[in-house]
1. Kindly evaluate A:L350 against the criterion of being crowded, with 17+ Cβ neighbours inside 10 Å, assigned to a loop (DSSP other than H, G, I, E, B) and out of contact with any Cys (no Cβ under 9 Å at 6 or more places or on another chain).
2. So, B:A61, is that one touching a residue at least 24 places away in the same chain (Cβ under 8 Å), open to solvent by less than 20 Å² (accessible area, probe 1.4 Å), among the hydrophobic types (A, V, I, L, M, F, W, C) and within 10 Å of chain A (Cβ to nearest Cβ) or not?
3. So which of B:D27, B:D34, B:D23 ends up being in contact (Cβ under 8 Å) with a residue 24 or more places away in the chain and among the acidic types (D, E)?
4. For residues in the range B:1-30 being acidic (D, E) and in a loop (DSSP other than H, G, I, E, B), which is surrounded by the fewest Cβ atoms within 10 Å (Cβ to Cβ)?
5. Return the only residue of A:G328, A:G314 being within 26 Å of A:K6 (Cα to Cα) and either free of Cβ contacts under 8 Å to residues at least 40 places away in the same chain or open to solvent by 50 Å² or more (accessible area, probe 1.4 Å) (or both).
6. Any idea which of (1) under 24 Å from B:G52 (Cβ atoms); (2) touching a residue at least 24 places away in the same chain (Cβ under 8 Å); (3) more than 14 Å from every other protein chain (Cβ to nearest Cβ); (4) open to solvent by 10 Å² or more (accessible area, probe 1.4 Å) is the one A:S186 doesn't satisfy?
7. Could you pull out every one of the helices (runs of 4 or more DSSP H) wholly within the range A:51-163 that has 2 or more residues that are open to solvent by 10 Å² or more (accessible area, probe 1.4 Å) and touching a helix residue (DSSP H, G or I) at 6+ places or on another chain (Cβ under 7 Å)?
8. Yes or no: the range A:270-287 includes at least one residue that is away from chain B (no Cβ under 14 Å) and open to solvent by less than 50 Å² (accessible area, probe 1.4 Å).
Amino acid sequence: MFFKFKNKKITNMISIVPNNIIKFEDEAGQYNFPIKRTLKMMDIMGYKEHRLFNDSVILSDVAVYGLNYMFENNIINKEDIDALLFVSNCTDHIIPPTSNIIQGKLGLKTDMICLDIMQACAGFVVGLLQSFMLLDSGSVNKVVLINGGTMKSRVSKKDRNSWPLIGESCSITVIENGGNNDVFASVYMDGVNSNALIIPAGGFRMPSSEETGKLQTLEDGNERALDHLTMEGVGVFNFVQTVVPEELKKLMDYAKIYDKDIFAYLFHQPNKFMLEKLADKMGMERSKMPSNVVENFGNSDSGTIPLVTTYNYGSLFEQEEKTVCFSGFGAGLTCASIIMNFGKLENCKLIEYGKNR
Amino acid sequence: MREKILEILQDLRPELDFTESNDFIEDGYLDSFDMVALVSNLDKTFCISILGEDIIPENFANLEAIENIVKKYK
């Protein structure tokens, strides 16, 4: 499905990361595999270090911190926020919406819309699409989009498939009407394969219990519980290598904007190997698709696209405008992509939690 | 080529004899992470880039299958 929007711009983007850094080598001994075999994965997958918040910190805490930073530094005015979108699976509770909780903690006006959307890897792009739709309503002039992940309690430390690559971060993106360029987007949803990335327990289908919290040793040698993230690696990999390139090609044809016109591919960051193979499949230069987030921060779900942007191009995008392609793919299974002009932002920054106020 | 492939496999799992299995995946010689490491090493050794759509268990099930996939990209 394609979308086209007119006169939309991103004016601010802030990524907030933990200052707690954990090195892959220091954790290599915690898995049920020989250390030497585990260390072989370092270069290939881009496992160097990942960042996690302290145990008590969850995504909404970081979002409140980040928005307060933005208020105090006059990046955004409280009164101007007409819509607050929280697009992540890391909610405070099942009820109420986390966006309402954040609104209350920050003392935002009541004449606004708060909205939670349950999306993971594609959450940034899905959040942008929802933001554009709200801006087209005529009632909303400024949207604040919150993305990210604080998943550590839902990933087994004895699961070598998942633990080394998880990271935590929060991003805050401000979207407004303006600019003269069209925005082109595509969305692909494949619920038939929704089990490929799943946390089986903890929802209404299978409430968490003592039983779902018990670690089990699996055939592949990893240990995880039903409360933990399960990733069917081959299925996810095949989705990214077959569906994503096709969807991007279709989007480029729809937008009539091609590789030569695109400055950078700012994609979700599952791991370095998967992204390099994706770039090769699409016949593009690997340097146009940065893949250094997993090795330096870890994969923080819907926070990765803002993070790859602020980390690699923060100061550039405060100065210049370029045509970029954002793409998020993963849980759902979902692939959502946007081609748009992006840049000359008021702020495009990466900050550390607890250090900048 | 076969000798080089065997060398790579032995380096991945030195405790196993890869000439004794005809299905590395079924026999538990290679898991999905080993397959990724194998592809990365094959790419480097033979100066190729095996595309994602070909990174499926069937193409790495035994020495002959691996040889065939390398030849496809040479």
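The values are calculated or read from the model by the stated rules, or taken from the named source; none is laboratory data. No experiment lies behind these values; they were computed from the predicted model shown. We place every Cβ from the backbone using ideal geometry, glycine too, and count neighbours over all the protein chains shown. Quick note on the areas: whole protein, heavy atoms, side chains included, nothing else; ligands and nucleic acids left out. Shrake-Rupley method; radii C 1.70, N 1.55, O 1.52, S 1.80 Å.
1. no
2. No: the conditions fail for B:A61.
3. Just one listed residue meets the conditions, B:D23.
4. Ranking the qualifying residues of the range B:1-30, first place goes to B:E15.
5. Result of the check over A:G328, A:G314: A:G314.
6. All conditions are met except number (4).
7. By residue number, A:59-72, A:98-106.
8. no
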